[in-house]
Each structure stands twice: as C-alpha cells, then as structure tokens.
1. Which of the residues spanning the range 93-120 are over 19 Å from the mean Cα position of the chain (by Cα), outside any loop (DSSP other than H, G, I, E, B) and within 28 Å of Leu326 (Cβ to Cβ)?
2. For the structure I just gave you, tell me whether Ala150 is farther than 21 Å from Ala193 by Cβ and either in contact with an Asp or Glu (Cβ under 8 Å, 6 or more places away or on another chain) or touching a residue at least 60 places away in the same chain (Cβ under 8 Å) (or both).
3. When residues of the range 137-190 are filtered for being closer than 21 Å to Asp372 by Cβ, hydroxyl-bearing (Ser, Thr, Tyr) and in contact with a Pro (Cβ under 9 Å, 6 or more places away or on another chain), how many remain?
4. Scan the range 210-241 for residues that are aliphatic (A, V, I, L, M) and either in a loop (DSSP other than H, G, I, E, B) or loosely packed, with under 15 Cβ neighbours inside 10 Å (or both) and jot them down.
5. Under 8 Å between Cβ atoms, which residue pairs at least 6 apart in sequence (or on different chains) link something in the range 95-123 that is within 15 Å of Gly194 (Cβ to Cβ) with a partner that is in a helix (DSSP H, G or I) and β-branched (Val, Ile, Thr)?
6. Restricting to the range 323-343, give me the number of residues that are buried (at least 18 other Cβ atoms within 10 Å of the Cβ), without any contact (Cβ under 8 Å) to a residue 60 or more places away in the chain and not β-branched (Val, Ile, Thr).
7. Tell me, please, whether a residue that is more than 16 Å from Leu111 (Cβ to Cβ), of a type in the set (D, E, K, R) and either without any contact (Cβ under 8 Å) to a residue 60 or more places away in the chain or buried (at least 18 other Cβ atoms within 10 Å of the Cβ) (or both) can be found in the range 184-200.
8. Does the range 303-322 hold any residues that are of a type outside the set (A, V, I, L, M) and surrounded by fewer than 22 Cβ atoms within 10 Å (Cβ to Cβ), and which are they?
Amino acid sequence: MILSIFAGAGIWLTLRSPSEPQALVANPAPLPSETGVEATTPLPPTPVPSGSGQDGRSTPQPSSKPRTVATEEARVLVTVPPAVEASAAAHPLGLSAKQVYGIHGRYQRELSKAQIALDQEAMGKLEHGLALEMSRASFKTARLEGTGVASGMWPNPKVWIPRHVDGTPDWFVAICYRPGIARVFDVMSSTPAGWRLVASAADTQSTPAQFPKIAADSDGYATSLPENAPGLLATPRQVAAAHLASMADAEPDPMFADGPWTSEVVEFWQQERARLEDAGWTLRLSYQQEGPVRALRTSDGGALVWYAARSVDARRAQYVGAKVSLKGSAAVRTANRAFTHSVSATYGRMYVAHVPPAGSTEPVRVLGEWSDVLESHGD
C-alpha cells in the first residue's frame with residue numbers, strides 16, 4: 001500500500017510495510033493509510049448511549065494521497081512566460097520574473113539541504129507560520145523514528161505574480177506539475193525576515209482535478225482578491241469556513257464537489273466515529289482556520305483560494321474497556337503507547353480550492369492539500 005509523507009514543499013512516495021497492523025476502531029487524520037487508532041483489547045459488551053459525549057466535530061483524511069511524491073534532485077532550467085518577463089521591470093516589487101523564479105529555486109535547493117540534515121534551524125530561513133511549524137514537526141517525527149525525509153526539487157515551476165496591494169505583504173504562486181506524480185501549489189510571501197514559503201498544497205491523484213487558468217492582465221500580472229471579494233459563488237473567507245465546518249461536522253456541504261478532501265473526508269469520519277462508539281469511546285474534532293485567506297482571479301471570473309487550519313481530534317473513553325493506540329506519525333509522538341482514558345492528535349492543514357463566479361452552477365472544487373501531525377498525547 002502506498003503511504004504519503006510530506007515535509008516542506010516536497011512530496012514523496014514510500015511503501016508501507018505489509019505487517020503494519022490495520023486500524024480496528026478509528027484513524028486520526030491526516031493519513032489514514034499510515035495513521036489510525038487501533039483497539040488493542042476486546043471491545044466492551046455494553047453499547048455507548050447514543051450521542052454520549054459528542055459534539056459532532058471532525059478532522060480526517062480518507063484514502064486520498066495527501067502530499068507525497070517522488071521528485072528529481074537535478075536542477076532544471078525554467079522558461080519565463082513572455083508576457084510576465086516583458087513587464088517584470090515595472091512590477092512594484094522591483095523584481096523581475098527571473099528573480100521571482102530565483103527566489104523559489106533557492107527555496108527548493110535550501111529545503112532539500114535542510115531535509116537531508118533534518119535541520120530545524122535552517123527551516124526558519126525558508127518558511128513562516130504554520131508551514132514552518134508543520135515542516136519542523138515532520139523533522140521531529142523523523143528523528144524520533146530514526147528515519148529521514150526525502151529531498152529533491154520539483155522541476156519546471158511556473159509562477160504567477162500578483163500586483164502590489166497597499167497594506168498587504170507581496171506574494172506569488174509557483175505551481176509545478178509532473179504528470180502521473182503530482183501538481184504542487186506553493187505560495188511565497190515577503191516577510192520582515194525575507195521571502196518565505198507560507199502555504200502549500202498538492203494533488204497526488206493519478207488523474208488530478210482540472211486546473212483552472214489563472215487570469216493575467218495586459219502586463220502579465222495576476223490579480224489578488226481580498227478575503228471578502230464579491231462576484232464569486234461565495235467569498236474566499238466564506239468558502240474556507242464552509243469547507244472546514246463540513247469536515248469538522250462530518251456533514252457534506254452541497255457547495256463542494258465530491259472528492260478526496262471533501263465528501264471522502266466526511267464519509268471517513270462518519271465511519272470512524274461509529275467504530276469508536278462501538279468501542280466505548282467518543283470522538284471530538286475541530287478545525288480552526290489559521291492565517292490569511294489568499295486568492296487569485298481565474299480567467300472564468302472565479303478564484304483560486306488558499307487557506308489553512310489547525311485541527312484536533314480527541315478521543316475519550318466512556319468506561320473501562322478497549323485500549324486505543326495511534327498509528328503512523330501520531331504514534332511516533334506517543335512512543336506507540338496504548339491508552340485507556342484519552343488520546344488526541346493535532347494537525348496542521350493547508351488547502352487550495354477553485355471557487356466559480358457568482359451565478360455559476362458549478363460547485364467549489366478543492367484541488368489539493370498538505371497535512372502533517374504537530375503533536376499527539378494521551379493517558
């Protein structure tokens with residue numbers, strides 16, 4: 001079975017050992033193929049009263065392949081789109097498109113070095129905010145497990161540079177696509193300390209979702225949109241809130257198209273909650289939006305939207321009975337222990353979605369995700 005592992009902006013494929021135990025009761029997000037909860041003692045005979053100790057919150061990830069793909073380590077030359085290069089000198093940042101490619105290229109090279117060394121300090125010079133926290137957490141997990149993380153570079157990125165908006169940091173998007181491997185969306189922003197990766201997501205499906213065209217003006221620049229931008233099926237902030245609420249409540253939202261980061265997540269958590277109830281445990285989950293919501297206009301009048309969240313899945317026993325243990329990265333953080341009273345895991349999550357224009361009959365499509373365990377504990 002294929003297992004997805006992500007660190008920084010790299011996506012990698014690894015194989016799970018066939019001897020790894022299967023989840024019998026529930027899986028904590030984000031990687032059901034590698035993380036989960038397992039009943040290690042017989043289930044108690046007494047059923048749990050309906051609705052006992054639950055608030056309907058949730059946080060999983062289904063059989064989708066989150067951020068994980070093999071990449072090439074060799075450096076590659078990139079082609080600057082003529083429309084962007086022609087007007088780059090006039091950009092308010094004072095950066096040419098070639099310089100923007102250079103910023104992202106240096107990030108990839110330095111990331112690869114940091115991944116090889118599991119260098120948490122170096123990551124502080126490459127990433128910012130939740131992205132930095134997620135990458136550092138993956139390094140910590142690797143050290144605890146005695147393993148490493150894959151390293152390498154994504155070839156042939158394409159960049160989109162939004163025009164400057166007063167009062168907001170400058171940022172750009174770099175998108176890499178390897179057919180049959182993944183499409184990766186990186187967002188880099190200016191910070192007081194320099195340019196940093198602040199968001200990322202990937203689609204590693206064998207057939208990735210259709211990618212919308214990003215709109216460019218006559219000078220080749222993209223148009224950034226505010227969180228409350230009108231003219232869309234819903235504002236970028238409303239889309240982020242609705243998506244997170246749907247997963248937290250394990251209830252489908254008709255605003256969103258079916259897929260690995262929407263309907264499959266909902267179904268996954270519904271099943272896992274039911275299995276935990278049978279074992280005499282309750283499941284409380286939450287998704288809290290974190291950081292800004294960023295958006296770029298697409299040529300259809302819609303928008304590409306990036307947003308992030310911190311999720312917590314907490315399990316609590318209602319009476320003495322089944323023990324629960326975590327799997328995957330969450331298990332590494334708890335030294336593979338089994339718990340009799342409670343256990344929880346916290347994750348960082350990032351998404352990118354396409355929002356159609358107002359009046360469209362098309363649903364919002366979530367196009368990619370990055371998730372990583374930040375911490376886990378229990379008693």
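Read-outs: derived from the displayed coordinates by stated rules, not from any lab. Only a predicted model underlies this, so the values are computations on that prediction, with no experimental measurement involved. Cβ sites come from the backbone with ideal geometry, for glycine too, and all protein chains shown count toward neighbours.
1. Passing the criteria: Ala114, Ile116, Ala117, Gln120.
2. Against the criterion (farther than 21 Å from Ala193 by Cβ and either in contact with an Asp or Glu (Cβ under 8 Å, 6 or more places away or on another chain) or touching a residue at least 60 places away in the same chain (Cβ under 8 Å) (or both)), Ala150 qualifies.
3. 1
4. Result: Ala215, Ala216, Ala229, Leu233, Ala234.
5. Leu95/Ile103
6. Count: 1.
7. no
8. To start, the set of residues in the range 303-322 that are of a type outside the set (A, V, I, L, M) comprises 306-307, 310-311, 313, 315-316, 318-319, 321.
Of everything in the range 303-322, those that are of a type outside the set (A, V, I, L, M) and surrounded by fewer than 22 Cβ atoms within 10 Å (Cβ to Cβ) turn out to be Arg310, Arg316, Gln318, Tyr319, Gly321.
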